[in-house]
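Structure, as structure tokens:
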């Protein structure tokens, strides 16, 4: 039997602090039909974090001497380095423009602090609890649209000794993250990244349909 699935970007427009992200996803779903039972909605962590107000204004950050030293060493804004230090358990190393950190139970470039998808003069942090964020979006979609979907909060990461980035799941709800030994949530997140755009493109999410293995 043939197996196939479809992936469609959701053009929600720019997500701002306080936005009801589930409502934006429902409104952006393709018509006719909109969201349907069994869809998997992949949402960029930067959009989720922005809606949750996980923004830090750089003009209020006072870098420590440690932040200034690392900023000189790795050619970075010392204010961003200070925020990275606050979000990290430890800094393992780095390269120009990037610190490799131990944070949130894993190794993370810049501890997940993102300037590229943030409003001017700000950085966006990771969602405080990506799994809870995914569950909240799923519950809100069920309440508003009456459909049962899975939700993945996704990010993109580089891999050692490889060029470029690929998607990973930071948290999910309504699905098993691992099935038959396969990292299903990570695979779906990476697939969805192909149609999702940066913040200024206004496509921070995707529908993956007929995805179940």
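Yes/no matrix, rows are residues, columns are (1) in the same structural domain as residue 41 (by TED's automatic domain parsing); (2) surrounded by 20 or more Cβ atoms within 10 Å (Cβ to Cβ); (3) at pLDDT below 95; (4) closer than 19 Å to residue 53 by Cβ:
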| site | (1), (2), (3), (4) |
| --- | --- |
| 119 | no, no, yes, yes |
| 140 | yes, no, no, yes |
| 149 | yes, yes, no, no |
| 165 | yes, no, yes, no |
| 190 | yes, no, yes, no |
* Can you pull out the residues in region 67-105 that are in a loop (DSSP other than H, G, I, E, B), more than 22 Å from the chain's Cα centre (by Cα) and buried (at least 18 other Cβ atoms within 10 Å of the Cβ)? -> 76
* Structure fact -> residue 51 vs (1) closer than 25 Å to residue 186 by Cα; (2) in contact (Cβ under 8 Å) with a residue 40 or more places away in the chain: all pass except (2)
* **The lone exception for residue 47 - which of (1) over 20 Å from the mean Cα position of the chain (by Cα); (2) in a helix (DSSP H, G or I) it fails** => (1)
* Specify which of the listed residues (92, 80, 41) is outside the structural domain of residue 143 (by TED's automatic domain parsing) and in contact (Cβ under 8 Å) with a residue 40 or more places away in the chain. => 80
* **Criterion (surrounded by 23 or more Cβ atoms within 10 Å (Cβ to Cβ), modelled with pLDDT of 90 or more and at negative phi) met by exactly one of 41, 26** => 41
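The values are calculated or read from the model by the stated rules, or taken from the named source; none is laboratory data. Predicted, not measured: the structure shown is a model, and the values here were computed from it. In this analysis, Cβ positions are derived from the backbone assuming ideal geometry, glycine residues included, and neighbour counts consider all displayed protein chains.
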